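Have a look at the structure below before the remarks.
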């Protein structure tokens, strides 16, 4: 190293240190400005939520004054003809709850099975790439699930599951007694299940991994098998976390729009209330997506935003409940160390 | 497993309590049945894993098979031809997605990162002492809760927000409304990841900075943020991957069009929106184009997801693609 370069180095060092340390007064002001800036952006989150509530409230004010909140929530008509306009959200609330319910009934047991496999059975060499594949499933946009459901899955489910169910159970149980078409509540529920499985299973896996090994060792030392260990020591310990993961999945299913729009059959009015497993139906979000650009009157637009308001209330309750339960066990977050 | 059962049997002989003895005898008696149950459950768990992977395989296979058939230079760059014909392409949709997502990132990334910095560096955790400290903790916890609530909001509701606040205000469907709506989805994700990553930065680094007399703002920006830049970057990419596939908020904000970008206050098209419109048309050629658009979209998202993986690799960053 030559003399010159040392000289240069100290020069740079001095400049850097004078930039970093600076003089006291400027330092104080700089800190205050920075503090104000980050505080302001953090407060922006609060502002957004206020905006969300405000805009949904303003947008739906018209329909709630026209039908009344109770009237809107319990009404079944959806009539956009001028002069006879009447809007009710009940069929879509039922459609939403039913499709999400089917999704949970199928998705939760499967997710727990996957989490059990990843956390308790598989070696880390197998578990880590497998977790990646399952999380990849979560990264696929819902519109692509919808496209696949509409052009591929619909025919598979009709031929292999719905028609046999209809043929065997249909004559005896009214719940199965409708000729299946492939576009109905049942197929929507199943595709929703496929969509929420990665979410529930990856959080459940983390919850189960967070259970201390001493819990397992205690059960093993009593002679329990692997399944008994999970059933008696792991599941009860992580119960709130597992429940929270499932409710988080429910929140996703309730709010999901695009894939439901493509596969639920898009019924309107009283006929959208599913009376059988294979009925065409409609959810809150799918009706909004379907009619928003074609709304013919301000009242209809307001009714659609009113559906959004009902959906907002529904998902807020679900999500806050889930987060409170999960945060007892582990933090649900994309960052953080394993 | 068999070894363990035998062990417990031996122990039971020395057990003093009758109850324990009975318990172990019963468990020995049912040992084979219990082992079979264990096997059955294990097999069921494997079936669940396979059951989850089959749809992924099928989706990827169908998208690649059907999408590759229509992809060409013309398909990627041209505006769509007349409805029902198989001419033209999805150029405006690709361009629109890039513009809308880019603009949303310009709004969402700085806000998300700065709010994450606030939560990690300026808001103490735990129970505070004074009134002021308690107030700050309460404020920070409220922001964390609101971030969680925002993450869980259905995207269609966020679309309504974009519609009421911007589309109605400027009386036109616009790129800006779409970007604003998408930024609402991004901010809580980025803020959360930033907070979590910054919290992992060792405190000794900050202390070293303080000991040299460096101001807090510079320590945060040039030491803490620099140390955690990979983690923050994965958060930003994660959020971009998430919004690139969003469809519902775009229906009521950017509307969709068959023309190229005309200006920030005019409507544009986007890939997910295009897929939806194409899938809803009754023409075979439209469906084929839909698969093509799906292939382009899934490639974009897979590349983003893979890059997260590459950045995070070996750095102890745990990333959950898509499950926030």
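What number of residues in the stretch B:228-239 are buried (at least 24 other Cβ atoms within 10 Å of the Cβ) and within 24 Å of residue B:157 (Cβ to Cβ)? Qualifying residue count, the stretch B:228-239: 3.
Residues of the stretch B:187-201 that are within 13 Å of residue B:236 (Cα to Cα) and more than 9 Å from chain A (Cβ to nearest Cβ): B:190 alone. Taken as a whole, the condition of being more than 7 Å from chain B (Cβ to nearest Cβ), in contact (Cβ under 8 Å) with a residue 12 or more places away in the chain and not in a helix (DSSP H, G or I) applies to residue A:179. Under the condition of being at the interface with chain A (Cβ under 7 Å from one of its Cβ atoms) and at pLDDT 90 or above, which residue from the stretch B:292-309 is nearest to the chain's Cα centre (by Cα)? In this case the residue turns out to be B:301. Just to check your reading of the model, which residue among A:116, A:69 is out of contact with any strand residue (DSSP E or B) (no Cβ under 8 Å at 6 or more places or on another chain), outside the structural domain of residue A:287 (by TED's automatic domain parsing) and either surrounded by fewer than 23 Cβ atoms within 10 Å (Cβ to Cβ) or at pLDDT 90 or above (or both)? Selected residue: A:69, the only one of A:116, A:69 that is out of contact with any strand residue (DSSP E or B) (no Cβ under 8 Å at 6 or more places or on another chain), outside the structural domain of residue A:287 (by TED's automatic domain parsing) and either surrounded by fewer than 23 Cβ atoms within 10 Å (Cβ to Cβ) or at pLDDT 90 or above (or both). The numbered conditions (1) surrounded by 22 or more Cβ atoms within 10 Å (Cβ to Cβ); (2) within 26 Å of the chain's Cα centre (by Cα) are all true for residue B:289 except (2). For the stretch B:133-146, does any single residue satisfy the condition of being in contact with a strand residue (DSSP E or B) (Cβ under 8 Å, 6 or more places away or on another chain), at negative phi and at pLDDT 90 or above? There is no residue in the stretch B:133-146 that is in contact with a strand residue (DSSP E or B) (Cβ under 8 Å, 6 or more places away or on another chain), at negative phi and at pLDDT 90 or above. Has the stretch A:40-49 got any residue that is within 30 Å of residue B:141 (Cβ to Cβ), at pLDDT 90 or above and assigned by TED's automatic domain parsing to the domain that holds residue A:268? The answer is no; no qualifying residue exists. With respect to residue B:184, determine if the residue is crowded, with 22+ Cβ neighbours inside 10 Å, out of contact with any strand residue (DSSP E or B) (no Cβ under 7 Å at 6 or more places or on another chain) and at the interface with chain A (Cβ under 7 Å from one of its Cβ atoms). Yes, satisfied.
Of the residues A:38, A:16, A:73, the single one that is closer than 21 Å to residue A:314 by Cβ and part of a helix (DSSP H, G or I) is A:73. Within the stretch A:155-162, identify whether any single residue is surrounded by 17 or more Cβ atoms within 10 Å (Cβ to Cβ) and either under 29 Å from residue A:322 (Cα atoms) or within 14 Å of chain B (Cβ to nearest Cβ) (or both), and answer yes or no. The answer is yes; a qualifying residue exists. With the structure loaded, tell me whether residue B:312 is modelled with pLDDT under 90 and either more than 9 Å from chain A (Cβ to nearest Cβ) or under 16 Å from residue B:79 (Cβ atoms) (or both) or whether it fails that test. Yes. Going by the conditions given, is residue B:225 buried (at least 19 other Cβ atoms within 10 Å of the Cβ), more than 9 Å from every other protein chain (Cβ to nearest Cβ) and touching a residue at least 12 places away in the same chain (Cβ under 8 Å)? Criteria met by residue B:225.
In this structure, residue B:150 does satisfy being surrounded by 16 or more Cβ atoms within 10 Å (Cβ to Cβ), at the interface with chain A (Cβ under 8 Å from one of its Cβ atoms), under 21 Å from the mean Cα position of the chain (by Cα) and under 30 Å from residue A:290 (Cα atoms). Evaluate the stretch A:141-151: report whether one residue or more is modelled with pLDDT of 90 or more and not in a helix (DSSP H, G or I). Within the stretch A:141-151, one or more residues are modelled with pLDDT of 90 or more and not in a helix (DSSP H, G or I).
Filtered by the rule that a residue be touching a residue at least 12 places away in the same chain (Cβ under 8 Å), more than 21 Å from the chain's Cα centre (by Cα) and either within 7 Å of chain B (Cβ to nearest Cβ) or under 28 Å from residue B:246 (Cβ atoms) (or both), the stretch A:119-149 gives A:121, A:130.
Answer with yes or no whether residue B:69 is closer than 30 Å to residue A:194 by Cβ, modelled with pLDDT of 65 or more and within 9 Å of another protein chain (Cβ to nearest Cβ). Spelling it out, it is not the case that residue B:69 is closer than 30 Å to residue A:194 by Cβ, modelled with pLDDT of 65 or more and within 9 Å of another protein chain (Cβ to nearest Cβ). Looking across A:337, A:323, one residue alone is at pLDDT below 90, assigned to a helix (DSSP H, G or I) and either surrounded by fewer than 19 Cβ atoms within 10 Å (Cβ to Cβ) or facing another protein chain (nearest Cβ under 7 Å) (or both). It is A:323. Any residue in the stretch B:89-111 that is within 8 Å of another protein chain (Cβ to nearest Cβ), surrounded by 17 or more Cβ atoms within 10 Å (Cβ to Cβ) and out of contact with any strand residue (DSSP E or B) (no Cβ under 9 Å at 6 or more places or on another chain)? Yes - at least one qualifying residue is present in the stretch B:89-111.
Taken over the stretch B:170-217, residues that are part of a helix (DSSP H, G or I) and farther than 23 Å from residue B:150 by Cα amount to 12. Filtering the stretch A:39-50 for residues that are surrounded by 14 or more Cβ atoms within 10 Å (Cβ to Cβ), within 14 Å of another protein chain (Cβ to nearest Cβ) and more than 28 Å from the chain's Cα centre (by Cα) leaves a non-empty set.
The values are calculated or read from the model by the stated rules, or taken from the named source; none is laboratory data. Bear in mind the structure is a predicted one, so any value in this text is a computation, not a measurement. Please note: Cβ atoms are built from the backbone with ideal geometry, for glycine as well, and neighbour counts cover all protein chains shown.
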